[in-house]
Amino acid sequence: MRNPTWKVILVWAAVVFGIVLIVPNLIPEKTLDALPGWVPKQRITLGLDLQGGSYMLLQVDTAAVVKDRLDTLSNETRSQLREARIGYSGIGLQGQSVVATLTDAGQLQAALERLKSINQTVGGSAFVGVGTTELDITGDGNRVTLKLNDAAVTARVSSAVTQSLEVVRRRIDELGTREPTIQRQGADRILVQVPGEKDPANIKRLLGQTARLSFHMVDMNADPSQPPPGDFVLPGVPGSPGPQQYVLNRRAELQGDNLTDAQPTFQNNEAVVSFRLDSIGSRKFAQVTQDNVGKFFAIVLDDKVISAPRIREPITGGAGVISGSFTVESANELAVLLRAGALPAPLTVVEERSVGAELGADSIRAGAIASGVAVVAVVIFMMIYYGLFGVFANLALVVNIILILAGLSLLGSTLTLPGIAGIVLTIGMAVDSNVLIFERIREEMKHGRGPVSSIQAGFDKAMRAVIDANVTHLIASLVLFEFGTGPIKGFAITLSIGVLTTMFTAVTVTRVVILYWHRRTRPATIPL
Amino acid sequence: MRHPRLVPDNTNFPFMRFRMAALVASIIVILASIGLVAIKGINWGVDFEGGIVLEVKTPQAADLAAMRAALESTGANGIRLQQFGDPTDVLVRIAAPSEVASEAQVQIDRIKGALTGRLGQDIQFDRADFVGPQVSSELLHDGILATVVALALITAYVWFRFEWQYSLGAMISVVHDIAATVGFFAITGIEFDLSSVAAVLTIVGYSLNDKVIVYDRIRENLRLYKAMSLEELLNRSLNETLGRTMMTAATTALALLALVIFGGEVLRGFTVAMLWGVFIGTYSTTFIAAPVLIYFNLRSAAQKAKAGEGAGKDKTKGKSLAHPAQ
């Protein structure tokens, strides 16, 4: 009875590979980066619960996306009907539809015909097919209903989420935090993880604003309580010296998407934000300022008027300054927001978890102590219980731990506190396979078999139970992985890897060690 | 060389004799769990109930009354304060303010402000969690789904590897384990959160592990001792595997105990629940998973499956005959 050479090589290869894969975790990151490309560089990342940081789940306000589109559609409907000289008594929103009530039911056909022109195709989604339009236009008596269909809503929401993801990424990058994770989750959510950031207040303030910037002419003569048609009333920024309410032209002269850059700076010892415009923006800006010298020009951010300076002279250079009652911080923040662009819809935080670095460090310490104690306790217990064979099992256990860590490094997975618990639990349960085999060998000896035959039969007969037991365990772990989030996923990963490595170490490694021992010592009985 | 043993060699406990008593005990445990959950209720964590949790470290021993007063001044609802670990550590729990998630953000800031105002700048916020109402109900839904899916998959696997009687037996015992664990959460008042779901699934995994090994032995013995009464055969199988059952329970419990004692406050509920799971899983293997097989007409099914293969041998030496020596 001897070890096949391939098996011995396999065990040694596993151990060596395992160690090679673990090593990058012990080398400082800078040194690691300097090493040649063939050196494995994957390492275990610590979860937010261990290194401290913030986790945020943001939800894109899909209702706002739909509302936004419906507002645009009702504006278009209004101007189309007006151009076609079709009289209407009202245009309103009803659920997912724009409803126009005509004064003359006889013009229904003409209205339907005319409104077809605003029916766009749903933006490039393969699922809805080419040529699918976003509106279902129906007429009934003197009412025309333009219903935004579900395919259109899905496409709009999806592109809003994609766009938001991009804006969120740009804004967080501006903060300069290290290694943030920003990813889409589900249909309408964005997951943001920022390690090391203990207080997410900064990030939340940054993400909590849509940052939609627009420039409007101020209607100086209008009364805020009765704005004329084509005008609307917006409040000033609370606490600013200007008026409480402004009456503005509904039409925006210029919008935030024409901005190419924004920087905080000083003007007359006051913090301001300077901006640059793209060529289209510059031309429009020059035109507007030329036509309206002496009038007031309002700068609107998220439906609040930041300031409304008087236009002193035409501005042709495509650059300008936003003043307001800014502090250095708030000017900087606005510049960041303007550079990153506007969110297509507001974001709300639906889940947030933040852990301080101190608590994380405590958790690492506690986890390390618990793991150490568990290993020592199990190792001693096995040695007392099985003597020499306990030592064999412990050898397998050490290889097992190496392989679990190697597996985690190879996958570059995240180690969380429950993940550490998973490793500790694996340590406790990993010896189970060896216990099964050893107990079986004992039984075979009791039935009067010799050492060789007992060992052989012990391994062979225990094999089926070992596999079945581990597979059921693996199923539970994988389900947990599939459904779990964050720290729990970390637990499921270590548990799953642990089951796989256990099957290898408990069976193959112990067997190789036992057979080697047997060949060297030729014992008459087995010390079990 | 003699090593100490957890279980003496060649035990012969008549486990099956207690099967009625054990069955009654198990039913009582399940009913008691349901009753406890109905009357006392489960201490839902913020994951499933929604709301805000802050972990606060105060400079001196925490003055809970002052903290409560500071919190009440912010207009927060459902305030719960709980000391844990050191006397300076306090867990602050507040019900979700409203359906509007953004208001919770404002509230977290307000609460932090109020506490800092009352207790001074040295107060430290170690952890702040907020779970909105929509997310919490999704998490609960996912947790229940995960448990059901795991149960279904494992039952299917056991069915595939054994026969239906075994998979039914395994499922009954695991349902018992889950019920007993949920009851454990209710009676101890340990917070039931996402990690508790992980604990439940781990218990399911552990418990099935145990059952599969005993079932494997039962199946093997069914082939070896064709004339033995099922009751005797089950007893024999349980006794033969008793050493390994106890040994594995011991090493797993040992590792878990290390986590309970040294693993820190964050993990304690999770690990205590799993420790309970090791106990209940071991119990249900012996007193539920094995005895229920008696009621499932196991023998005839096994004989049908093995009909014609090496008929009618019943020898204690059967094993060495069945497996030729090397």
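The values are calculated or read from the model by the stated rules, or taken from the named source; none is laboratory data. This one's a predicted model, so the numbers in the text were calculated from it and none came from an experiment. Quick reminder, even Gly has a Cβ in these numbers, built from the backbone with ideal geometry, and neighbours come from all protein chains shown. Just so you know, the surface numbers come from the protein's heavy atoms only, side chains and all, with ligands and any DNA or RNA stripped out. Shrake-Rupley method; radii C 1.70, N 1.55, O 1.52, S 1.80 Å.
Between residue A:31 and residue A:225, with labels modelled 7 Å along Cα→Cβ, what's the label distance in nm to one decimal, could you check?
7.7
Using the Kirkwood radius over C-alpha pairs as Rh, can you work out the diffusion coefficient of the protein assembly as shown via Stokes-Einstein at 20 °C, viscosity 1.002 mPa s, in µm² per second?
Details: Rh = 32.0 Å.
The calculation lands on 67 µm²/s.
Hand me the chymotrypsin sites (Phe, Trp or Tyr not before Pro) from region A:25-130 located in a DSSP loop with no more than 16 other Cβ atoms within 10 Å, in residue order please.
A:38, A:127
Percent antiparallel among DSSP beta bridges with both residues in the protein assembly as shown, to the nearest 5? Write down the numbers at each step before the final one.
Details: 91 of 95 bridges.
In the protein assembly as shown, approximately 95 percent of DSSP beta bridges are antiparallel ones.
Run through every distinct alpha carbon pair of region A:208-353 and return the Kirkwood hydrodynamic radius in angstroms, one decimal place.
Values: mean 1/r = 0.0630 Å⁻¹.
For region A:208-353, inverting the mean 1/r across all distinct Cα pairs yields 15.9 Å.
How large is the accessible surface per residue of chain A, computed with a 1.4 Å probe and reported in Å² as a whole number?
Details: 23770 Å² over 528 residues.
It amounts to 45 Å² per residue over chain A.
Given a 10 angstrom Cα cut-off, can you work out which residue in B:260, B:24, B:200 is the most mobile in a GNM of chain B?
B:24
Tell me, what ³J(HN,Hα) does each residue in region A:25-35 have, in order and in whole Hz, if you take phi through Karplus 6.51 cos²θ - 1.76 cosθ + 1.60 with θ = phi - 60° and put x for Gly and Pro?
In residue order, the calculated couplings are 5, 9, 8, x, 4, 5, 4, 4, 5, 6, 6 Hz.
Residue A:358 to residue A:94: FRET efficiency via 1/(1 + (r/R0)^6), r the Cβ-Cβ distance, R0 45 Å, to the nearest 0.05?
On the way: r = 54 Å, r/R0 = 1.21.
Given R0 = 45 Å and the Cβ-Cβ separation, E is 0.25.
Rg and Dmax of region B:118-157 over Cα atoms: what are they, in angstrom?
In order Rg, Dmax, the Cα atoms of region B:118-157 give 19.0, 59 Å.
In region A:454-470, which residues become less accessible by 20 Å² or more once every protein chain is in place, relative to the chain on its own, using a 1.4 Å probe?
A:456, A:461, A:464, A:465, A:468, A:469
Just want to confirm a number: the relative contact order over chain A, from Cα pairs under 8 angstrom separated by 6+ residues, in percent.
18
Based on the Cβ-Cβ distance from residue B:231 to residue A:283, what FRET efficiency comes out when R0 is 60 Å, to the nearest 0.05?
Working: r = 95 Å, r/R0 = 1.59.
It comes to 0.05.
Apply the Karplus curve 6.51 cos²θ - 1.76 cosθ + 1.60, θ = phi - 60°, to the phi angles in region B:160-169 and return the couplings in whole Hz, x for Gly and Pro.
Karplus values, whole Hz, x for Gly and Pro: 5, 8, 10, 10, 4, 4, 5, 5, 5, x.
Along the Cα-to-Cβ line of residue A:244, 7 Å from the Cα, sits a label point; which residues in region A:187-224 have backbone N less than 15 Å from it?
Backbone N within reach: A:224.
Would you mind giving the mean number of other chain beta-carbons within 10 Å of the Cβ of each residue in A:436-442, as a whole number?
4
Given points 7 Å out from each Cα along the Cα-Cβ axis, report the residue B:122 to residue A:290 separation in nanometres with one decimal.
Each label point is offset 7 Å from its Cα along the Cβ direction, giving 6.8 nm.
Search the structure for amide H atoms under 5 Å from the amide H of residue B:44, placed 1.01 Å from N in the peptide plane, and list their residues when 5 or more places away or on another chain.
Correct list: B:192.
Taking R0 as 56 Å, what's the FRET efficiency between residue A:85 and residue B:61 from their Cβ-Cβ distance, rounded to 0.05? Write out the running numbers ahead of the final one.
Working: r = 80 Å, r/R0 = 1.43.
Efficiency, from the Cβ-Cβ distance: 0.10.
Relative to the Cα centre, what is the charge dipole magnitude of the protein assembly as shown, using +1 at the beta carbon of each Lys and Arg, -1 at the beta carbon of each Asp and Glu, and rounding to the nearest 20 debye?
Numbers: 77 positive and 75 negative charges, 803 e Å.
Dipole size: approximately 3860 debye.
Enter the Cα centre distance for the pair region A:449-528 and region A:232-255, rounded to the nearest angstrom.
Distance between centres, Cα-based: 72 Å.
Could you list, in their original order, any pairs among A:204/A:304; A:446/B:211; A:204/A:284; A:7/A:461; A:7/B:226; A:41/B:112 whose Cα atoms are separated by more than 30 Å?
Values: A:204/A:304 19 Å; A:446/B:211 24 Å; A:204/A:284 34 Å; A:7/A:461 20 Å; A:7/B:226 39 Å; A:41/B:112 41 Å.
Listed pairs above 30 Å: A:204/A:284; A:7/B:226; A:41/B:112.
Per residue of A:353-360, count partner chain C-beta atoms within 10 Å of its C-beta, then hand back the mean as an integer. Display every interim value, and only then the final one.
Values: counts 8, 8, 7, 7, 1, 3, 10, 2.
Counting Cβ atoms of other protein chains within 10 Å of each residue's Cβ and averaging gives 6.
If you line up the long axis of helix A:388-410 against the longest principal axis of chain A, both from Cα atoms, how many degrees apart are they, to the nearest 10?
Helix A:388-410 sits roughly 20 degrees off the main axis of chain A.
Working with all protein chains in place, sort B:247, A:429, A:445 by solvent-accessible area computed with a 1.4 Å probe, largest first. All intermediate terms of the calculation are to be shown ahead of the outcome.
Details: B:247 0, A:429 25, A:445 45 Å².
Sorted descending by solvent-accessible area, the residues read A:445, A:429, B:247.
For the peptides A:487-497, A:379-389, what is the packing order when you average, over each peptide's residues, the other Cβ atoms within 10 Å and list the highest mean first? Let's see the in-between values first.
Details: A:487-497: 25.7, A:379-389: 18.5.
Ranked from most to least packed, the peptides come out as A:487-497, A:379-389.
List every residue whose amide H lies under 5 Å from the amide H of residue A:413, counting only residues 5 or more places away in sequence or on a different chain, with H placed 1.01 Å from N in the peptide plane.
A:45
Between chains B and A, what is the buried accessible area summed over both chains (1.4 Å probe, protein heavy atoms, nearest 100 Å²)?
On the way: alone 17270 and 27160 Å², together 37750 Å².
Using a 1.4 Å probe on protein heavy atoms, the buried area is about 6700 Å².
With the contact rule set at Cα under 8 Å and sequence spacing of 6 or more, what percent relative contact order holds for chain B? Write out the running numbers ahead of the final one.
On the way: 406 pairs, mean separation 78.9, N = 326.
Result for chain B is 24 percent.
Roll a 1.4 angstrom probe over the protein heavy atoms and tell me the percent of accessible area of chain A that is carbon or sulfur. All intermediate terms of the calculation are to be shown ahead of the outcome.
Details: 13460 of 23770 Å².
Reported share for carbon and sulfur atoms: 57 percent.
Report the residue, chosen from B:149, B:29, B:197, that carries the largest GNM mean-square fluctuation when chain B is represented by alpha-carbon nodes joined by springs under 10 Å.
Highest fluctuation of the listed residues: B:149.
If the only charges are +1 at each Lys and Arg Cβ and -1 at each Asp and Glu Cβ, what is the size of the charge dipole of region A:208-353 around the Cα centre, to the nearest 20 debye?
Numbers: 12 positive and 16 negative charges, 63 e Å.
The dipole magnitude comes to about 300 debye.
Please list, by residue number, everything in region A:141-158 whose backbone N is under 20 Å from a paramagnetic label point 7 Å out along Cα→Cβ of residue A:132.
Correct set: A:146-158.
Any chance you could look up the accessible area of residue A:517 with a 1.4 Å probe, heavy atoms only, rounded to 10 Å²?
For residue A:517, solvent-accessible area is about 40 Å².
Could you tell me which trypsin sites (Lys or Arg not before Pro) in region A:84-193 are loop residues by DSSP with no more than 11 other beta carbons within 10 angstrom of their beta carbon? Numbers along the way, then the final one.
On the way: sites: A:85, A:114, A:116, A:143, A:147, A:156, A:169, A:170, A:171, A:178, A:184, A:189; in loops: A:85, A:178.
Here the trypsin sites (Lys or Arg not before Pro) that fit, given the DSSP loop and packing criteria, are A:85, A:178.
Where does region B:51-131 land on Rg(C-alpha)/(2.2 N^0.38 Å)?
The value comes to 1.00.
Just report the Cα centroid separation between region A:304-343 and region A:345-424, whole Å.
52
Throw me the Rg/Rh for region A:44-156, computed over C-alpha atoms with Kirkwood Rh, two decimals. Display every interim value, and only then the final one.
Working: Rg = 20.0 Å, Rh = 16.1 Å.
Across region A:44-156, the Cα-based Rg/Rh ratio is 1.24.
Quick one: 3J(HN,Hα) in Hz for region A:415-424, Karplus 6.51/-1.76/1.60 with θ = phi - 60°, rounded, Gly and Pro as x.
8, 10, 4, x, x, 4, 4, x, 5, 4
With each run of n ≥ 4 DSSP H residues scored as -39500 (n - 2.57), what mean residue ellipticity at 222 nm is computed for the protein assembly as shown after dividing by its residue count and rounding to the nearest 500 deg cm²/dmol?
Value at 222 nm, helices only: -18500 deg cm²/dmol.
Which residue, B:111, B:69, B:58, has the largest displacement toward the positive end of the dipole of region B:51-131 when charges sit on each Cβ (Lys, Arg +1; Asp, Glu -1)?
B:69
Count charges around residue B:145 for me, please; just the other residues with Cβ under 14 Å from its Cβ, Lys/Arg as +1, Asp/Glu as -1. Walk me through the numbers on the way to the answer.
Details: positive: none; negative: A:482, B:138, B:142.
Charge balance near residue B:145 sits at -3.
Let me know the mean shielding of B:236-243 by other chains, meaning the per-residue number of their Cβ atoms within 10 Å of its Cβ.
On the way: counts 0, 0, 0, 0, 3, 5, 1, 7.
For peptide B:236-243, the averaged partner shielding equals 2.
Could you pull out every residue, at least 5 positions away or on a different chain, whose amide H is within less than 5 Å of the one on residue A:342? Hs are placed 1.01 Å off N in the peptide plane, and Pro or chain starts have none.
none
Taking only protein heavy atoms and a 1.4 Å probe, what accessible area per residue, in Å², does chain B have with all protein chains in place? Each step should come with its number before you reach the end.
Details: 13980 Å² over 326 residues.
Here the per-residue accessible area is 43 Å².
Considering every pair of different Cα atoms, what Kirkwood radius, in Å, is found for region A:1-70? Can you show the working numbers first?
Working: mean 1/r = 0.0579 Å⁻¹.
Result for region A:1-70 stands at 17.3 Å.
When the expected Rg is taken as 2.2 N^0.38 Å, what fraction or multiple of it is the alpha-carbon Rg of chain B? Please list the in-between numbers first.
On the way: Rg = 25.7 Å, N = 326, 2.2 N^0.38 = 19.8 Å.
My calculation over the Cα atoms of chain B gives 1.30.
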